[in-house]
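Asks: I'd like to ask you about the structure that follows.
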There are 2 protein chains.
Amino acid sequence: MGITAEIIVVGNEILRGLTVDTNSAYLGGQLESLGIAVQRTTAIGDDRCAIRGAVDAALKRSELVICTGGLGPTSDDVTKAAVAGLFRSRLVLNLAVLRSIERRFARRGVPMPAVNRGQALVPRGAAVLRNPQGTAPGLLLERRGKLVALLPGVPHEARAIWKGSLRRMTARLAGRGAFVHTTLRAFGLPESAIAEKLGRVEARLAPGELAYLPGTHGVDLRLTLSGPDRRRLRARLSAIERDIRTTLGPVIYARGDETMASVAGSLLIRRKLTAALAESCTGGLVGDRLTDVPGSSAYFAGSVVAYGNAVKTRMLGVAADTLRRHGAVSVETAREMARGVRRRLQADIGVAVTGIAGPGGGTKDKPVGLVCFAVAGPTGTSADTRVFNGTRRVVKELAANTALDLLRRHLNR
Amino acid sequence: MGITAEIIVVGNEILRGLTVDTNSAYLGGQLESLGIAVQRTTAIGDDRCAIRGAVDAALKRSELVICTGGLGPTSDDVTKAAVAGLFRSRLVLNLAVLRSIERRFARRGVPMPAVNRGQALVPRGAAVLRNPQGTAPGLLLERRGKLVALLPGVPHEARAIWKGSLRRMTARLAGRGAFVHTTLRAFGLPESAIAEKLGRVEARLAPGELAYLPGTHGVDLRLTLSGPDRRRLRARLSAIERDIRTTLGPVIYARGDETMASVAGSLLIRRKLTAALAESCTGGLVGDRLTDVPGSSAYFAGSVVAYGNAVKTRMLGVAADTLRRHGAVSVETAREMARGVRRRLQADIGVAVTGIAGPGGGTKDKPVGLVCFAVAGPTGTSADTRVFNGTRRVVKELAANTALDLLRRHLNR
């Protein structure tokens, strides 16, 4: 593999454990996908000398150095000054950057505080990388063919600048040597069961690599191949992907950046159907996920979050008798919730979730983590039950993803 | 402040972004609470020379070096060998460690795989730190009064060893000197405006420190003081906290681990009131946040997520005329949504959110990021409008947190 990179993370809050740094993992994965190996990540404090020393040392070892953090408007943000010092470059006011910061504040109807003016200072000779999400622009400096990029520490800003411009510039630097990868996303089987099923596929993968990345979203299968010829690699990748899909069947729900919500949304669009939700223990999380997808208003009617039993009866028409006989957490109640929301919100499909997120509220018969689901469509209603392990938040996330998975499987029938 | 420390994180999976390192943040916070400042955290790959070089360099700068990762049984786990090489110490079989590994496997009824025998090799002269959670023990080596600790990379194992023995040993090294800190959480003003207001407080803070940690939750203000006498530090911390609260007023919504949702929940409990939500652009996120708090069923009735206009009319009683004349995103619609959900869910307070999360759907009059809010109570309804910058997700999060903030301010009147 060609060039190497280092990442430098700046911020006292990182060293002191107040913030978990996720930028370096994001950038590490992104750089890897361009065939650039990250040699080292260094986290240091908001200290001019420490930053300057770390960037200098990294430039001696690697072709590309990406710094995150320390570009904010306050006095503890010193990354820019430190790197300008190392490059013996003066900080000069960039009027285009100043205007764009002023416009940001104007849009919010707020006068620009004086401290933000410092964010428009740019080391002479540095390229400005537009920040569509915040006031601190990214910066790119070059020395003897090696690059130093400065990004803000706020994760969504750093990502936006990376995607908007830095990725393209870095890819150019990376040059030849092919590297292909894809991620297949699985839901409904534990990591160990998937690994067992894929033993045969993995054996034929070398020198490629299959990484398992488990979470409440299921298990992501990250597949990487490298070699001299990109075309041949792509063909091999497609063959292996087909093999995995055949082995795991409907357990594979998505690929790449797709989410469970975006997949369910695409299926609703393709089948020209609308959906409505009746949520209890998830509190609104299923709808939150569905509406993270731009354009979801085309197929998502809305939800009733029926946290109390009275709301289940009044807003969803669940029979008081059903609640009394089977309880709020039961497939019977879930079925009536799904049918009720489908009818009242005049949607084609109703999806219901009711369960015990914990930590309290469990009984011997109905333990914490028990969640009942139902999907009601024009031809009938199906119901399912699961028991999840984990904290209140983990149970909510697993319940929300399972609800979306059941919707997806219903639409795929 | 007394001694300084460095953390070295070992693992290719970290550099390649497959795993987010949380050990260094945990250890950073723990060391800080002992008054030990972490100078630097370095992540490097599973490479013997890189590990040896990094530990050697760190020992030249700091009194304590903690390495995590690379203690597993497989061939890519080389931390122990690398550090033994640096200390010119031979690896010798430790029978007590071997017995405890064998016992672990025996308890699970599984014979010990041969590879795990390597985990019982210990550098001569190193102290063994018991691992109650796994097979790899922690190790502690000493050179000229400086310490190197090796911990496994699995987070719960590293934490168990830290708590079980390493914390005590480190505290002894740290000696005297007290260290107090607190976090105040602010919402409703940008970081730069808060910094301007707190200039006077900050000037009197030295040698203490005030860190600004911004996010969609607002701006966290982390206050740290150090000195010889803990009692006097605590008194000074209280005085500064009062000063900040006086300066910022209701902008400070919480302290420490409290969230906007837990604060709103506590106020509802204290005032014996219930709340219901009418959400549009947030899709259910406000309810998701409220129900992340255990016991929220005591005061949260439920929500209607009215994504489509038909649902706003049918489920919330918003007048068709209001929607026609003012549009779905308007304070008029927000007011009717809040009143409607309050009435229909029979709650004391109704909170409504309706806006344009983007990226599509904006017009010149109503841009992407425009969000209208209303809070309806027994004595009347108030409404607010904001324009947020950011991605769809960021707009949703800011809208949800603002809705909870308006509820909090309403309850505090």
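Asks: May I ask you to verify whether B:Ser165 is assigned by TED's automatic domain parsing to the domain that holds B:Pro137 and at pLDDT 85 or above?
Replies: Judged against the criteria, B:Ser165 is a match.
Asks: Could we say that A:Thr282 is of a type in the set (Ser, Thr, Tyr), within 22 Å of A:Val395 (Cα to Cα) and at pLDDT 95 or above here?
Replies: Here the answer is yes, as A:Thr282 does meet what is asked.
Asks: Is it true that B:Ser297 is facing chain A (nearest Cβ under 10 Å) and hydroxyl-bearing (Ser, Thr, Tyr)?
Replies: Here the answer is yes, as B:Ser297 does meet what is asked.
Asks: Test of understanding: among B:Arg172, B:Arg143, which residue is under 20 Å from B:Ala84 (Cβ atoms), more than 22 Å from the chain's Cα centre (by Cα) and modelled with pLDDT under 90?
Replies: Of the residues listed, the single one that is under 20 Å from B:Ala84 (Cβ atoms), more than 22 Å from the chain's Cα centre (by Cα) and modelled with pLDDT under 90 is B:Arg143.
Asks: State all residues of the stretch A:374-397 that are closer than 25 Å to B:Leu290 by Cβ and surrounded by fewer than 24 Cβ atoms within 10 Å (Cβ to Cβ); if no residue qualifies, say none.
Replies: A:Arg386, A:Val387, A:Phe388, A:Asn389, A:Gly390, A:Thr391, A:Arg392, A:Arg393, A:Val394, A:Glu397
Condition check ((1) crowded, with 24+ Cβ neighbours inside 10 Å; (2) over 34 Å from the mean Cα position of the chain (by Cα); (3) part of a helix (DSSP H, G or I)) across all residues:
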| position | (1), (2), (3) |
| --- | --- |
| A:Val304 | yes, no, no |
| A:Arg314 | no, yes, yes |
| A:Thr322 | no, yes, yes |
| A:Val329 | no, no, no |
| A:Ala338 | yes, no, yes |
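Asks: Out of (1) away from every other protein chain (no Cβ under 14 Å); (2) out of contact with any helix residue (DSSP H, G or I) (no Cβ under 8 Å at 6 or more places or on another chain); (3) in a helix (DSSP H, G or I), what's the single condition that is false for A:Lys272?
Replies: (3)
Asks: Residues that are at the interface with another protein chain (Cβ under 10 Å from one of its Cβ atoms): list the strands (runs of 3 or more DSSP E) wholly contained in the stretch A:1-110 that include at least 1 such residues.
Replies: A:4-10, A:37-44
Asks: Of the residues A:Thr68, A:Thr19, which is surrounded by 22 or more Cβ atoms within 10 Å (Cβ to Cβ), touching a helix residue (DSSP H, G or I) at 6+ places or on another chain (Cβ under 7 Å) and over 20 Å from A:Gly138 (Cα atoms)?
Replies: Matching residue, one of A:Thr68, A:Thr19: A:Thr19.
Asks: If you don't mind, another one. Could you tell me whether the stretch A:277-288 includes any residue that is closer than 23 Å to A:Arg409 by Cα, without any contact (Cβ under 8 Å) to a residue 24 or more places away in the chain, in a helix (DSSP H, G or I) and of a type in the set (Gly, Ala, Ser)?
Replies: yes
Asks: Which residue out of B:Gly256, B:Gly358 is small (Gly, Ala, Ser), at pLDDT below 95 and more than 30 Å from A:Gly360 (Cα to Cα)?
Replies: After ruling out the rest, the residue left standing is B:Gly358.
Asks: Would you confirm whether any residue within the stretch B:351-370 is within 27 Å of A:Ala310 (Cβ to Cβ) and away from chain A (no Cβ under 14 Å)?
Replies: no
Asks: Please enumerate the residues belonging to the stretch A:388-413 that are away from chain B (no Cβ under 13 Å), among the hydrophobic types (A, V, I, L, M, F, W, C) and under 18 Å from B:Leu285 (Cα atoms).
Replies: Within the stretch A:388-413, A:Leu398 is the sole residue that qualifies.
Asks: Condition first: exposed (fewer than 14 other Cβ atoms within 10 Å of the Cβ) and part of a loop (DSSP other than H, G, I, E, B). Now tell me which residues in the stretch A:178-211 satisfy that.
Replies: Once the filter is applied, which keeps residues that are exposed (fewer than 14 other Cβ atoms within 10 Å of the Cβ) and part of a loop (DSSP other than H, G, I, E, B), the stretch A:178-211 yields A:Pro190, A:Arg204, A:Ala206, A:Pro207.
Asks: What residue, among those in the stretch A:194-225 that are within 15 Å of A:His181 (Cβ to Cβ) and among the small types (Gly, Ala, Ser), is modelled with the highest pLDDT?
Replies: Only one residue tops the list, namely A:Ala211.
Asks: Here is a check on your reading of the model: is A:Gly29 surrounded by fewer than 19 Cβ atoms within 10 Å (Cβ to Cβ) and at pLDDT below 95?
Replies: When the stated conditions are applied, A:Gly29 passes them.
Asks: Another question, then. Give the residues of the stretch A:135-177 that are crowded, with 19+ Cβ neighbours inside 10 Å and touching a Pro at 6+ places or on another chain (Cβ under 8 Å), sorted by residue number.
Replies: If the condition is that a residue be crowded, with 19+ Cβ neighbours inside 10 Å and touching a Pro at 6+ places or on another chain (Cβ under 8 Å), then A:Thr135, A:Ala136, A:Gly138, A:Leu139, A:Leu141, A:Val154, A:Ala158, A:Ala160, A:Ile161 are the ones that fit.
Asks: Which one of the conditions (1) at pLDDT 95 or above; (2) in contact with a Gly (Cβ under 9 Å, 6 or more places away or on another chain); (3) not acidic (Asp, Glu) does A:Val351 fail to meet, given that it meets all the rest?
Replies: (2)
Asks: Tally time: how many residues in the stretch A:71-112 are among the small types (Gly, Ala, Ser), surrounded by 20 or more Cβ atoms within 10 Å (Cβ to Cβ) and out of contact with any strand residue (DSSP E or B) (no Cβ under 6 Å at 6 or more places or on another chain)?
Replies: Selection size over the stretch A:71-112: 2.
Asks: Please state which one of A:Ser266, A:Ser238, A:Ser262 is surrounded by 13 or more Cβ atoms within 10 Å (Cβ to Cβ), in a helix (DSSP H, G or I) and either in contact (Cβ under 8 Å) with a residue 60 or more places away in the chain or away from chain B (no Cβ under 14 Å) (or both).
Replies: A:Ser266
Asks: Please state which one of A:Arg335, A:Arg392, A:Arg386 is among the charged types (D, E, K, R), farther than 19 Å from A:His217 by Cα and outside the structural domain of A:His217 (by TED's automatic domain parsing).
Replies: After applying the criteria, what remains is A:Arg335.
The values are calculated or read from the model by the stated rules, or taken from the named source; none is laboratory data. None of these values were measured; they are calculated from a predicted model. Counting neighbours? That spans all protein chains shown, and the Cβs are built from the backbone with ideal geometry, glycine included.
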